[in-house]
Amino acid sequence: MTARVLRAADRPATPWKNGGGVTREIAAHPEGAPLDAFDWRVSLAEVTEDGPFSAFPGVDRTLTVVEGAGMDLMVGGEHHIVDEPYWPHDFPGDLETEGRLLGGPVVNLNVMCRRARTVAAVAVVRGTVRLAAPPGGAALAVALEDGAVLDGTDVELGRYDALLTREETPGVLRTHGWALLITLSAG
């Protein structure tokens, strides 16, 4: 299996327009696509203040708290308490969304997919994981804790490092801690 290693240390922080945090993009397709033209995008967000989320018409979102006490999300007028670490929460990006921190800053892992083009399956896993992309899609694994190894290689992942593959032939990722596995298929 050929997998591209995406190191956490190589991701620049992009400050939010509202000043409430920063985003570090892990991967997107097409690579380098602006926010209004991606098919899918995966990022880590460091949230330091309460405030509105950016609107993404036609985009489905999955937010997973990976550090901190969590958030109270008001999505389209409904409360969503997102306070359990490593538990993915889905919501539409076109609804007005506000976030209130429950106990200080958080780090969220965000998956965004353009509804007409891509569907994401997001799972938090531990142990032995088969990493294979669906036909025409991609698979992305993000280590949430140190100690993931791709079998048959010298590739080791630290916290927030990632592996991206477009191959249908499965590779085996062995984690010593939790990892997030994202499978991206054509919509």
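Among residues of the stretch 118-137 that are free of Cβ contacts under 8 Å to residues at least 40 places away in the same chain and more than 16 Å from L180 (Cβ to Cβ), none has a Cβ under 6 angstrom from a residue that is assigned to a strand (DSSP E or B) and among the basic types (K, R) at a sequence gap of 6+ or on a separate chain. Considering only residues in the stretch 95-110 that are of a type outside the set (A, V, I, L, M, F, W, C) and outside any strand (DSSP E or B), the one that is nearest to W40 (Cα to Cα) turns out to be E96. Exactly one residue out of A133, A186, A138 is within 21 Å of L35 (Cα to Cα), among the small types (G, A, S) and crowded, with 16+ Cβ neighbours inside 10 Å, and it is A138. Just to be sure I understand, how many residues within the stretch 19-69 are crowded, with 17+ Cβ neighbours inside 10 Å and hydroxyl-bearing (S, T, Y)? Qualifying residue count, the stretch 19-69: 4.
Within the stretch 159-171, restricting attention to residues that are part of a loop (DSSP other than H, G, I, E, B) and at pLDDT below 95, which residue is surrounded by the fewest Cβ atoms within 10 Å (Cβ to Cβ)? Looking at the filtered set, the residue picked out is T169. Scanning the stretch 64-94 for residues that are part of a loop (DSSP other than H, G, I, E, B), touching a Ser or Thr at 6+ places or on another chain (Cβ under 8 Å) and either of a type in the set (A, V, I, L, M) or under 10 Å from N108 (Cβ atoms) (or both) gives no hits. Every condition in (1) assigned to a strand (DSSP E or B); (2) over 15 Å from the mean Cα position of the chain (by Cα) holds for A123 except the one numbered (2). Within the stretch 7-18, not a single residue is surrounded by fewer than 20 Cβ atoms within 10 Å (Cβ to Cβ), assigned to a loop (DSSP other than H, G, I, E, B) and of a type in the set (D, E).
Condition (residue is at pLDDT 95 or above and more than 22 Å from E46 (Cα to Cα)) applied to the stretch 139-158: is it met by at least one residue? The answer is yes; a qualifying residue exists. In the stretch 9-34, the residues that are of a type in the set (K, R) reach residues that are not in a strand (DSSP E or B) with C-beta atoms within less than 8 angstrom, at least six apart or across chains, in these pairs: K17/S54; R24/A8; R24/R11; R24/P12; R24/A13. You will find that of T64, T48, T97, T2, the residue that is at pLDDT below 95 and of a type in the set (V, I, T) is T2 and no other.
Looking at T64, is it within 19 Å of Y160 (Cβ to Cβ), among the polar types (S, T, N, Q) and either touching a Leu at 6+ places or on another chain (Cβ under 7 Å) or free of Cβ contacts under 8 Å to residues at least 40 places away in the same chain (or both)? The answer is yes for T64.
The values are calculated or read from the model by the stated rules, or taken from the named source; none is laboratory data. All values derive from a computational prediction rather than experimental measurement. Every residue, glycine among them, receives a Cβ derived from its backbone with ideal geometry; neighbour counts consider all protein chains shown.
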